[in-house]
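Written below as structure tokens is the structure these notes are about.
The values are calculated or read from the model by the stated rules, or taken from the named source; none is laboratory data. This is a predicted model, so every value here is computed, not measured. Cβ atoms come from the backbone with ideal geometry, glycine included; neighbour counts cover every protein chain shown.
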Amino acid sequence: MKSLMTLQKLRWFSFCFLLFSIGAYCQNTGVSFSPEISYRNFVKTDFVPGIDQFIEENNDLSESIVGFTAEVFFVKPFARKLSFETGLSFSRDGYNSFIRNLTPESLFLSGVLNSDDPGFDSTNEIETQNRFLSVGIPFRLAYIAEGKNLKFTWSLGVTPEYLLESSSTRIYKFASGEQESFNNDFESAPANFNLTASLSAGVELPINRTSTVRIEPVLRYGVFPTFNEEAYEVNIFSYGLSLKYLFRVGFPY
């Protein structure tokens with residue numbers, strides 16, 4: 001255990017050293033925050049009887065949540081309208097799933113509850129909340145076009161991510177209006193590593209000679225599955241509005 005903790009600290013030290021080395025080479029620094037709507041997407045990977053119906057039913061029982069992505073990043077222009085961006089990101093995403101309009105018969109047949117469980121006769125909805133917290137290193141290529149009073153921006157990137165924390169909570173909602181929540185185990189462990197692709201476009205507004213604000217609608221999609229089952233996989237995607245503040249004291253942007 002001690003050697004594992006030492007190895008993790010060494011990885012973090014190496015990562016921070018690399019990040020700040022890149023920052024020293026770059027010309028501008030930025031911070032960003034993006035509130036996002038996060039959802040899950042089922043993808044069929046093999047044909048088994050009933051898989052299409054299973055995916056359709058699970059998509060109908062899914063609900064999006066509000067997550068976020070926060071970044072500290074560095075910008076290195078390398079052409080008149082192009083720049084490279086990289087840094088450190090934290091993202092919180094996930095999804096909810098529901099089983100609604102339950103009856104004692106459906107609870108028993110589904111195997112979700114049995115007659116010995118408290119509230120068996122009065123449970124009419126079960127909600128499962130799945131949450132994931134990840135850290136990553138974004139790599140983006142940004143294009144900036146000059147406008148009359150502002151700049152237009154487009155960016156395309158990928159972010160290798162490491163899963164820091166995952167949690168699943170099951171909430172039983174009773175006919176009386178009361179509810180109880182319990183920690184829930186995933187049917188299979190979520191992937192520790194992922195690769196998230198991102199696409200954004202927006203505008204850039206100058207504040208002064210050394211700073212600017214960039215506003216971009218953004219779309220993110222997990223290239224690798226969060227859950228990889230026998231006949232299907234589950235990918236996380238999100239969309240939101242990215243607010244970026246770019247600055248570098250002493251270096252006109």
Residue selected from the stretch 211-253 under the condition in a strand (DSSP E or B), more than 17 Å from Arg40 (Cα to Cα) and among the hydrophobic types (A, V, I, L, M, F, W, C), by the criterion modelled with the lowest pLDDT: Phe247
Members of the stretch 225-242 found to be touching a helix residue (DSSP H, G or I) at 6+ places or on another chain (Cβ under 9 Å) and of a type in the set (Phe, Trp, Tyr), listed by number: Tyr232
Hits in the stretch 225-247 (condition: within 30 Å of Ser211 (Cβ to Cβ), of a type in the set (A, V, I, L, M, F, W, C) and crowded, with 18+ Cβ neighbours inside 10 Å): Leu246
Residue check, Ala201 within 30 Å of Phe47 (Cα to Cα) and in contact (Cβ under 8 Å) with a residue 12 or more places away in the chain: no
Residue in the stretch 211-222 that is without any contact (Cβ under 8 Å) to a residue 40 or more places away in the chain, over 25 Å from Phe98 (Cβ atoms) and β-branched (Val, Ile, Thr) present: yes
Answer from Leu195, Leu205 - the residue that is part of a strand (DSSP E or B), under 22 Å from the mean Cα position of the chain (by Cα) and at pLDDT 85 or above: Leu195
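On the given criteria, is Pro225 without any contact (Cβ under 8 Å) to a residue 60 or more places away in the chain and not basic (Lys, Arg)?
Spelling it out, it is not the case that Pro225 is without any contact (Cβ under 8 Å) to a residue 60 or more places away in the chain and not basic (Lys, Arg).
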Cβ pairs under 6 Å, 6+ apart, first in the stretch 167-192 and of a type outside the set (A, V, I, L, M, F, W, C), second exposed (fewer than 12 other Cβ atoms within 10 Å of the Cβ): Arg170/Phe182
